[in-house]
Every structure is written in C-alpha cells, then in structure tokens.
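Below: the structure, in structure tokens.
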There are 2 protein chains.
Amino acid sequence: MMEYSSMKPGDVRRLIREGKFTTFTSGVCNGYAQANLAILPKELAFDFLLFAQRNPKPCPVLDVTEAGNPEPRLAAPGADIRFDIPKYRIYRKGELTDEVTDLKQYWRQDLVAFLLGCSFSFEGPMLDAGLEVRHITEDHNVPMYITDIPCTPAGVFHGPMVVSMRPMTPENAIRAVQVTSRMPSVHGAPVHIGDPAAIGIRDISKPDFGDPSTIRPGEIPVFWACGVTPQAVAMSVKPEFMITHAPGHMFITDLLNADLSVL
Amino acid sequence: MMEYSSMKPGDVRRLIREGKFTTFTSGVCNGYAQANLAILPKELAFDFLLFAQRNPKPCPVLDVTEAGNPEPRLAAPGADIRFDIPKYRIYRKGELTDEVTDLKQYWRQDLVAFLLGCSFSFEGPMLDAGLEVRHITEDHNVPMYITDIPCTPAGVFHGPMVVSMRPMTPENAIRAVQVTSRMPSVHGAPVHIGDPAAIGIRDISKPDFGDPSTIRPGEIPVFWACGVTPQAVAMSVKPEFMITHAPGHMFITDLLNADLSVL
C-alpha cells in the first residue's frame with residue numbers, strides 16, 4: 001500500500017475507473033478525506049438531506065450531486081460517481097441484489113448521490129496527535145454498535161444511531177475530545193464516554209459491525225457517531241432502489257482532511 | 001428591554017402570538033439563539049436546503065419544518081412559525097406584496113420553513129470575551145455588504161455572498177477568529193480580514209444593507225458571512241411565493257447560543 005498512500009486522489013480514481021485498483025481504500029491517498037456513498041431516487045432526496053442536516057454527527061454531508069449528474073463537483077471535480085469506487089452494492093426494497101464494479105447499467109436520471117464523511121478523516125489527526133487508535137494497532141475493522149440513542153427523524157427516515165468505539169486512557173480520551181472537536185464536519189466530538197449500557201450497548205465484546213477491539217485495564221471506551229448510521233437508516237425504509245459503496249471500498253475525495261477542520 | 005432580556009423564549013413567543021410584543025427582537029431572551037426565517041414552496045425546498053448545505057457559513061440551518069407543519073420541532077417544540085414572529089414579509093415573484101403580523105391567511109400545506117442562524121449568536125460570546133462590537137457600541141444596525149465571493153450554486157439557487165463587518169484592532173481580530181471558530185453552526189470564523197476591495201467591496205463607508213460603522217485608526221475590518229445571503233439568493237430566483245421575517249423581527253428559538261458552540 002506504500003505506493004497508493006502517497007498518490008493523488010485523481011490518479012487513484014483513474015486506476016479505479018480503469019479497473020486497475022479493485023480493493024479496500026484504507027491507507028490510500030494519505031491526508032485526503034474518503035467518503036461513504038448513498039445513492040437514492042430524487043423523491044427521497046429531500047427527506048434524506050434533511051435527516052442528515054438534523055443528525056450532523058452521524059451524517060456529515062461532504063457533497064450531494066444534482067439529480068442525474070454523476071459528478072461530485074465540490075468533493076472531486078471531474079470525478080464520476082458511477083465508475084470511481086472499486087465496488088458498489090445494489091439494493092432493491094432493502095435487499096442486496098447485486099455487487100458491481102461500476103454503475104453503468106444501474107445509473108438513472110432521477111438518482112441523487114450523497115457523499116458522507118467517514119472516521120478515517122479524524123483518525124489521521126488522532127495519530128498525528130500521538131493517540132493510539134486501537135483497531136489500527138490491532139489491524140482489524142473498527143468495532144461498531146447499534147445504540148438506543150434515537151436519531152432525529154425527518155420525513156420517512158428514522159432509526160437509532162450507530163457508533164464506533166475506540167478504547168483510550170482517560171488522559172488520551174480528553175485529548176481525543178479536543179482533537180475531534182476541531183472536525184465537526186466529520187463526526188466531531190464523541191457522543192459518549194464510558195459505560196456502554198448507558199447508550200444501550202449490552203456487550204462491548206460483541207460489536208454489531210466490524211471486529212472487537214481489546215480494552216486494556218484502566219482504559220475507557222470512547223464512542224463516536226458512525227457514518228454507517230445513514231445507510232442503516234435509509235435501508236430500514238426499504239427504498240424501491242438504493243446504491244451504496246461496498247464496505248471498505250470508499251470514494252476518495254479531493255478534500256484535505258485538514259480543510260475539514262474548523263481550527 | 002430589561003424585562004424582555006431575561007425572559008424565557010416560550011414566554012416571549014406567547015406575547016408575540018397574543019399581539020402584545022410587536023417590535024424588534026434584539027436584546028430579547030439573552031443567551032438564546034434567534035433565527036432568520038425563509039418559507040418556500042416544497043418544490044424549491046430540496047434545492048434551497050442543498051444550497052444551505054453547500055454554503056454553511058452564510059446559511060447556517062437551525063431547523064427545517066416538514067411541509068405544511070408549522071412547528072419547528074427541533075428549535076422550539078410547541079412553537080408555531082405562523083404566529084410567533086412579530087412581523088412577516090410576503091413576496092410574490094420576488095416583489096414585496098404585504099407585511100403582516102401573522103400568517104393565518106397565507107399559510108399553505110406545501111410550505112417549508114427554514115430557520116437560519118444569525119450573528120446575534122456569536123456577538124454574545126464576543127462581548128463575553130471582552131471584545132467591543134462596534135455597531136452595538138454605536139447603537140445602529142450592523143453594516144452588510146454584497147461581495148464578489150460567489151456562493152456554491154445548488155439547483156436554481158446561486159448568487160454572491162453577503163457579509164457583515166465589525167472593525168477590530170489586530171489583537172481583537174485574532175481573538176474574534178478564535179471565539180467565532182467555536183461556533184461553526186452560526187457563521188463560524190470570518191471569511192475575510194482587511195482590504196475590502198479584495199472581496200469586491202468598493203466603499204466600506206457605504207454598506208449595501210444596515211448602517212456604516214466607524215473604523216478607528218489602527219483598526220482593520222473583519223468580515224463574516226451574513227445570514228442575509230440565503231434570503232437575497234432565494235429572492236433573486238423570484239420564486240412564485242416566499243415569506244420571510246421583517247428585518248430585525250427574528251424568531252426566538254429555545255436553543256442556547258452555548259449549545260451551538262463546538263468547544
């Protein structure tokens with residue numbers, strides 16, 4: 001991955017478009033924001049955008065395309081949302097029906113693409129601040145949990161918040177609050193620190209998505225709103241048609257993580 | 001105004017609803033966020049919300065109602081957007097056609113109300129930080145200017161950013177950047193410091209809206225994105241129907257300014 005980590009987003013997107021890069025995007029294009037993808041028909045777009053606006057911590061909007069236009073003009077001018085992600089998932093009425101490497105046969109003129117920020121954007125600054133990020137150290141997927149914290153509903157969309165968890169010493173937890181507070185447009189400050197049961201998590205060793213992280217003696221779990229939330233919420237509505245990226249196969253934007261920081 | 005400054009938002013909104021409070025809202029309900037109002041038909045709501053999402057500094061969304069529902073459930077549960085503002089303006093095809101004290105005769109089931117943050121929310125923290133806010137000292141309206149900074153367009157909406165200006169000593173300008181950076185959801189950090197011509201302002205002594213502020217020797221002008229922008233942009237599209245608050249007659253929310261701060 002050393003080669004890809006220092007490449008420019010446009011160059012990696014070209015490799016993806018040409019079918020020469022087909023795998024996970026973690027560690028690719030260091031310093032640039034990667035994004036979750038959710039594509040919905042226009043008749044659901046207002047409600048979904050409103051849901052994101054009302055729940056900015058789990059649903060940090062980086063870009064929204066105009067209906068039928070596959071170019072995310074703000075996050076990556078010149079890119080094409082139909083070809084520039086290594087793997088997509090196609091859902092009909094909430095059921096996974098296909099996994100594809102481009103959207104040529106699925107694109108429609110009424111589709112609106114949402115690019116939503118992901119926690120890769122604040123893990124870089126955490127590492128830069130000298131904080132250990134456990135699932136990176138242990139080389140597994142971040143543990144994610146469905147909580148009993150309700151998202152604020154909007155139109156047809158409603159559901160619980162999904163959170164990601166990183167174990168920290170109390171000292172590092174405080175520093176992590178400071179570091180991530182600078183980045184309100186990519187999840188921002190934690191939503192909870194400490195007792196998992198207080199937010200409806202019954203067994204911290206059994207995440208709903210991803211893999212468990214070791215929690216060492218003296219450490220406390222720190223929970224951030226997770227970008228899986230909007231996909232999970234959209235899916236629960238069982239929309240007639242929906243497209244997402246395949247897990248771990250993100251869209252690489254031209255936005256610097258540093259540009260997403262307010263301080 | 002001493003009486004109103006310490007009242008709770010719900011109590012003042014009740015007085016407004018009963019026709020017992022009919023004037024400007026500045027200085028009312030200290031510590032609580034006040035909001036600009038823009039009401040548009042649902043067919044323009046997605047584009048307008050997308051415009052706000054793409055231009056968060058001039059268009060800080062505090063709440064958006066569901067079509068036909070006059071209750072801003074997040075910003076002020078129980079309030080009624082049709083009655084709880086002292087004065088409204090009715091526009092048809094961009095022309096002001098009426099000024100009213102309630103919307104009983106104008107409300108429609110297809111209307112969506114947007115409540116957008118206003119600079120009152122960061123002027124309180126600036127005063128708390130010991131910074132002088134010139135137009136408050138001089139007891140006049142904040143000076144506002146149309147710039148040549150283009151907003152990011154969305155659908156039918158496009159136009160230049162409007163900014164407000166506060167003169168500061170360099171030392172205070174630096175402190176003001178820090179204080180307002182904590183509040184990205186109500187305009188956030190300045191968009192420009194110094195030379196007015198660099199952002200297309202020809203004569204700093206002649207604001208496009210509001211009144212000029214005295215700039216003392218050694219002071220530099222500091223410019224923030226202004227909540228007048230979204231109204232000006234919406235109006236330029238000459239929508240079939242649009243409602244706004246009358247200038248200075250804001251909606252008083254239940255949101256604490258402190259809750260709009262990320263730090």
Options A:136, A:146, A:174: the member that is open to solvent by 70 Å² or more (accessible area, probe 1.4 Å) and within 14 Å of chain B (Cβ to nearest Cβ): A:174
Test set (1) within 30 Å of residue A:17 (Cα to Cα); (2) in contact (Cβ under 8 Å) with a residue 24 or more places away in the chain; (3) surrounded by fewer than 20 Cβ atoms within 10 Å (Cβ to Cβ) - residue A:120 fails condition number: (3)
Count - residues of the stretch A:246-260 that are in contact with a helix residue (DSSP H, G or I) (Cβ under 9 Å, 6 or more places away or on another chain) and either outside any loop (DSSP other than H, G, I, E, B) or outside the structural domain of residue A:92 (by TED's automatic domain parsing) (or both): 8
Whichever residue in the stretch B:149-171 is touching a strand residue (DSSP E or B) at 6+ places or on another chain (Cβ under 7 Å) and either within 14 Å of chain A (Cβ to nearest Cβ) or without any contact (Cβ under 8 Å) to a residue 12 or more places away in the chain (or both) and, among such residues, is least open to solvent (accessible area, probe 1.4 Å): B:151
In the stretch B:73-96, the residues that are open to solvent by 40 Å² or more (accessible area, probe 1.4 Å) and within 27 Å of residue B:50 (Cβ to Cβ): B:73, B:74, B:77, B:82, B:89, B:92, B:93, B:95, B:96
Any chance residue A:102 is assigned to a strand (DSSP E or B), in the same structural domain as residue A:248 (by TED's automatic domain parsing) and of a type outside the set (Gly, Ala, Ser): no
Sole residue being out of contact with any Cys (no Cβ under 8 Å at 6 or more places or on another chain) and closer than 30 Å to residue B:263 by Cα, chosen from B:97, B:101, B:152: B:152
Residue B:34 being more than 14 Å from chain A (Cβ to nearest Cβ) and in a loop (DSSP other than H, G, I, E, B): no
Top-ranked residue in the stretch B:199-229 [being modelled with pLDDT under 95 and assigned to a helix (DSSP H, G or I); ranked as nearest to the chain's Cα centre (by Cα)]: B:228
Residue check, residue A:238 in a loop (DSSP other than H, G, I, E, B), open to solvent by 60 Å² or more (accessible area, probe 1.4 Å) and free of Cβ contacts under 8 Å to residues at least 12 places away in the same chain: no
The listed residue being over 15 Å from residue B:222 (Cα atoms), in the same structural domain as residue B:174 (by TED's automatic domain parsing) and not hydrophobic (A, V, I, L, M, F, W, C), out of B:147, B:137: B:137
In the stretch A:43-98, residue modelled with the lowest pLDDT [restricted to those that are farther than 30 Å from residue A:11 by Cβ and assigned to a loop (DSSP other than H, G, I, E, B)]: A:94
Selected residue [touching a Phe, Trp or Tyr at 6+ places or on another chain (Cβ under 7 Å), in a helix (DSSP H, G or I), in contact (Cβ under 8 Å) with a residue 40 or more places away in the chain and away from chain A (no Cβ under 14 Å)] from B:12, B:28: B:12
Filtered residue count, the stretch A:57-81, keeping only those that are out of contact with any helix residue (DSSP H, G or I) (no Cβ under 9 Å at 6 or more places or on another chain) and either within 18 Å of residue A:245 (Cβ to Cβ) or in the same structural domain as residue A:149 (by TED's automatic domain parsing) (or both): 6
The stretch B:37-72, residues that are open to solvent by less than 10 Å² (accessible area, probe 1.4 Å), small (Gly, Ala, Ser) and within 11 Å of chain A (Cβ to nearest Cβ): B:45, B:52
Hey, residue B:113 part of a loop (DSSP other than H, G, I, E, B) and aliphatic (A, V, I, L, M) or not: no
Residue, surrounded by the most Cβ atoms within 10 Å (Cβ to Cβ), within the stretch B:180-192, restricted to residues that are more than 26 Å from residue B:24 (Cα to Cα) and within 12 Å of chain A (Cβ to nearest Cβ): B:189
Exclusive hit being buried (at least 19 other Cβ atoms within 10 Å of the Cβ), touching a helix residue (DSSP H, G or I) at 6+ places or on another chain (Cβ under 9 Å) and hydrophobic (A, V, I, L, M, F, W, C), set B:228, B:222: B:222
Neighbours by Cβ (under 9 Å, 6+ apart or cross-chain): first from the stretch B:72-100, touching a residue at least 40 places away in the same chain (Cβ under 8 Å) and under 18 Å from residue B:35 (Cα atoms); second of a type in the set (Phe, Trp, Tyr) and open to solvent by 20 Å² or more (accessible area, probe 1.4 Å): B:81/B:107; B:86/B:24; B:88/B:106; B:90/B:106
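The values are calculated or read from the model by the stated rules, or taken from the named source; none is laboratory data. What you see is a predicted model, and the numbers here were worked out from it, not measured in a lab. Note: ideal-geometry Cβ built from the backbone for every residue, glycine included; neighbour counts use all protein chains shown. Areas reflect the complete protein model, heavy atoms only, side chains present, ligands, DNA and RNA absent. Shrake-Rupley method; radii C 1.70, N 1.55, O 1.52, S 1.80 Å.
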